[in-house]
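Derivation of every value follows stated rules applied to the coordinates shown; laboratory data play no part. This structure is a prediction, so every number in the text was calculated from the model and none was measured. With ideal geometry, Cβ positions are generated from the backbone for all residues, glycine too; neighbour counts draw on all protein chains shown.
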Amino acid sequence: MPTMFDRIWDRHVVTTLGDGWDLLWLDRILLHDLSGGRALREVAERGLRVAEPSRVFATPDHAVSSAPGRTAATFPRGAQLLDSLRRNCAEQGVRLFDLGTRENGIVHVVAPEQGIVLPGATLACGDSHTCTNGGVGAVAFGIGSSELTQALATNCLPQRRPGTFRIRFEGTRAPGVTAKDIILHAIGRFGAAAGTGMALEYAGSAVRAMSVEERLTLCNLSIEMGARVGMVAPDDTTFQYLAGRSFSPKGALWDRALADWRGLPSDPDARFTRDETISMADVAPQITWGTSPEQVAPINGSVPTLEQARSPAESEAWRAALDYMGLEPGQKLAGTKVDWVFIGSCTNSRIEDLRAAAAVLGGRKRAEHVTAWVVPGSEAVKAQAEAEGLHRLFLDAGFEWREPGCALCVAANGESVPPGARSVSTSNRNFVGRQGTGSRTHLASPATAARSALEGAITDPRA
Amino acid sequence: MTPFSSVTGPAAPLLAANVDTDVIIPIQALVGTGKDGLGGQAFARLRYRADGTENPDFLLNQQPWRGTPILLAGENFGCGSSREGAVWALMGMGVRCVIAPSFGDIFHANCFQNGLLPVRLPMEAIRRIAALSGANGLTTVDLERRVVIAPDGEAIPFEVDSRKREALLEGLDDIALTLRHAESIAAFRDRAQTERPWQ
């Protein structure tokens, strides 16, 4: 009785290679500016062509400025990467959503939004947050540069089938608890390596009740639990979301696809390598306090004391993390002074995220000492937000309303949080130096980030 | 890909858990830079002080660990970003083998693409090797025999995927191997197009 993951995997096996390896067919390959141009060039340098150019989609996002009115030239080193992407896409016949066009944006925001990723599909991209795309019921995974070159040249990848790990989120969420809080809680409970060698499936009543955008957020952080793949079974919510999108099937083809997609979910008696359940009654809004996403606590809670560590090694890791973060063991998280707020990234930059952040503003202004940025995930999100007047609410509150891209999530575009500054960020990684050398990142939901900008300190959005 | 058969050196104990690829190579070093020349940027945030000078407290700046081909690491080494630059940077500073209890999945795959051998051993074995390592305490990692020889001569066997092992020993690349299946790929493509034309 197969799981959804195994069902989709089995369909894509071109041939078995022995020792547990399969040659896996890829329905979609996504490219971005940081590695896309080089991978395409390497295919050409080997005297090969992109095997299936119509299955490949490219969008610059990592190394583009997010400054209002930006062009490619605003960040010159990124402009070279974009030039290479443009040239190589043109040579290989690959579709490019260029800077400033209405399909442009963060690759994992664009793919679901344009209907490029579909239920039952396999998708690979040279970016670890490719798992985001599993929110519509696809097997989507991140790969390195060498594998990307192979994928482009052959439209296949030799892969070893991972195990399966289901997490059921059961019950009704308390008000103020978002998908981001739920997945951070799960990472805190199971650890940053719990999903290594696994494909995650998120299930249960709380997931069924989520919008597709919330499911994308949930799946986005799968890699922070160690899993390359995170998925949610497609259902009517998914189908309504995908219907009519640019690259979604239309007409009779849509009807055929729908009939197929309804058969994708895991069988009721499917067996998973690991199976866990989390009750929504246990989940409050979360915020990270350390330098790994597993170092997380309820926002009304405290940093742990070193005695609470499960081993001397963990105690040492916590001490190092707290030194870096400028926090004391046992201190309350709420009330900690904040310098920067970043609302954006492939985790939390979709229209519902921006609505949630705008909803807590209440006509107030950011604290004077806080720099607050809102970076919409795509041109489409930006246009929608502006049509709803959200940009006006952010601007009136003293937030910067910027151009789409990865921006301060990865700080590869010349923008960064200054050394020593404390940032509440809706992104996915609180690693040492991730938002800039010496930056101190607390991961949280859009509502928590926006509220913390108003108060100038870490604040429970429900307070 | 650089073939790998065996390496010997003082195994440097960098035992913290969850060493992510952002720490191994900052993204700024990868914007517009090629594969080569990244060795100087490996572990940049730990290796250098704010003024750009070497941080003498960082293990890999100290003798006998400087330039060692073998790293001992903690759980989940190479977690996080898919950047293959993490592997290029490690190799650029001379590392050919990382021994850890577990690895980030994408980093693990990237290692094999370039000729860096990731070896999984239990943490207690890693701590044992670490305690014996030094200028006169050398470790050998032998892929041919699938064994780590600790400084005291203890032979610790390790498991490695046989497909990956052969590719590493011979320096073979996956593209050429995959292209051997061109007929199967074409047949699959046609079948998939008929069965699921929307995909």
Worksheet entry | Relative contact order computed over the stretch A:286-455 (Cα-Cα under 8 Å; 6+ residues apart), in percent | 28
Worksheet item: Taking Cα atoms, how many degrees apart are the long axis of helix B:182-195 and the longest axis of chain B, rounded to 10 and kept between 0 and 90?
Response: 60
Discussion item. So for the stretch A:301-364, considering every pair of alpha-carbon atoms, how many percent are separated by more than 16 Å?
Written reply: 63
Worksheet item: What's the angle, to the nearest 10 degrees (0 to 90), between helix B:105-114's Cα axis and the longest principal axis of chain B?
Response: 90
Item to complete: Would you grab the residues whose amide H sits under 5 Å from the one on residue A:201? Only those 5+ places off in sequence or on another chain, please, with H modelled 1.01 Å from N.
Response: A:165, A:166, A:167, A:231
Worksheet item: Among A:32, A:391, what is the fewest-to-most ranking by other Cβ atoms within 10 Å?
Response: A:391, A:32
Discussion item. Can you give the Rg/Rh ratio of the stretch A:113-235, where Rg is from the C-alpha atoms and Rh is the Kirkwood radius?
Written reply: 0.98
Worksheet, complete the sentence: the stretch A:286-455: antiparallel bridges as % of DSSP beta bridges, rounded to 5, reads 25
Discussion item. Can you give me the C-alpha center-to-center distance between the stretch A:444-463 and the stretch B:65-117, rounded to a whole angstrom?
Written reply: 38
Practice prompt. Write down the radius of gyration of the stretch A:368-425 and its Dmax, each obtained from C-alpha positions, in Å.
Written response: 12.3, 37
Fill in: Ratio Rg/Rh, restricted to the stretch A:286-455 and using Cα atoms, in which Rh is the Kirkwood radius
0.99
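Output the relative contact order of chain A, whole-number percent, from Cα pairs under 8 angstrom with separation of 6+ residues.
17
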Fill in: Alpha carbon convex hull of the stretch B:4-103, volume per residue in cubic angstrom
101
Fill in: Amide hydrogen neighbours beyond the local backbone of residue A:278, cut-off 5 Å, H modeled
A:168, A:169, A:170
Worksheet, complete the sentence: In terms of the charge dipole of the stretch A:286-455, which places +1 on Lys and Arg and -1 on Asp and Glu at the beta carbon, the residue among A:338, A:443, A:426 farthest towards the positive end is A:338
Discussion item. In whole Hz and in residue order, list the ³J(HN,Hα) couplings for the stretch B:92-104 that follow from phi through the Karplus curve 6.51 cos²θ - 1.76 cosθ + 1.60, θ = phi - 60°; x for Gly and Pro.
Written reply: x, 9, x, 6, 10, 8, 10, 10, 8, x, 7, 10, x
Fill in: 29 Å Cα cut-off, lysine pairs counted over the protein assembly as shown (separation 8 or more, or different chains)
9
Worksheet entry | Other-chain or far-sequence residues with amide H under 5 Å of residue A:296's (modelled H) | A:289
Item to complete: Would you mind ranking A:276, A:294, A:368, A:328 so that the residue whose beta carbon has the fewest other beta carbons within 10 Å leads the list?
Response: A:368, A:328, A:276, A:294
Discussion item. From the helices alone, meaning DSSP H stretches of at least four residues, give me the mean residue ellipticity at 222 nm for the protein assembly as shown, per-run term -39500 (n - 2.57), in deg cm²/dmol to the nearest 500.
Written reply: -9000 deg cm²/dmol
Worksheet item: In Å, what Rg and Dmax follow from the Cα atoms of the protein assembly as shown?
Response: 23.6, 73
Practice prompt. Could you point to the residue in A:106, A:155, A:17 farthest towards the positive end of the stretch A:4-160's charge dipole, with +1 and -1 charges on the Cβ of Lys/Arg and Asp/Glu respectively?
Written response: A:106
Worksheet item: Kirkwood hydrodynamic radius (Cα pairs, Å) of the stretch A:4-160?
Response: 15.8
Worksheet, complete the sentence: Once normalised by the length of chain B, the mean sequence separation of its alpha carbon contacts under 8 Å that are 6 or more apart gives a contact order in percent of 26
Item to complete: Using the Karplus curve 6.51 cos²θ - 1.76 cosθ + 1.60 with θ = phi - 60°, work out ³J(HN,Hα) for each residue of the stretch B:46-62 in order, rounded to whole Hz, and write x for Gly and Pro.
Response: 9, 7, 10, 7, 4, 7, x, 7, 5, 8, x, 7, 6, 3, 6, 8, 9
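Counting Lys and Arg as +1 and Asp and Glu as -1, each charge on the Cβ, what is the dipole of the protein assembly as shown about the Cα centre in debye, to the nearest 20?
600
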Worksheet entry | A:180, B:35, A:382 arranged by Cβ crowding within 10 Å, fewest neighbours leading | B:35, A:382, A:180
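Which whole number of Å³ per residue matches the convex hull of the alpha-carbon atoms in the stretch B:6-172? Can you show the working numbers first?
On the way: hull volume 17.3 nm³, N = 167.
About 104 Å³ per residue, rounded to a whole number.
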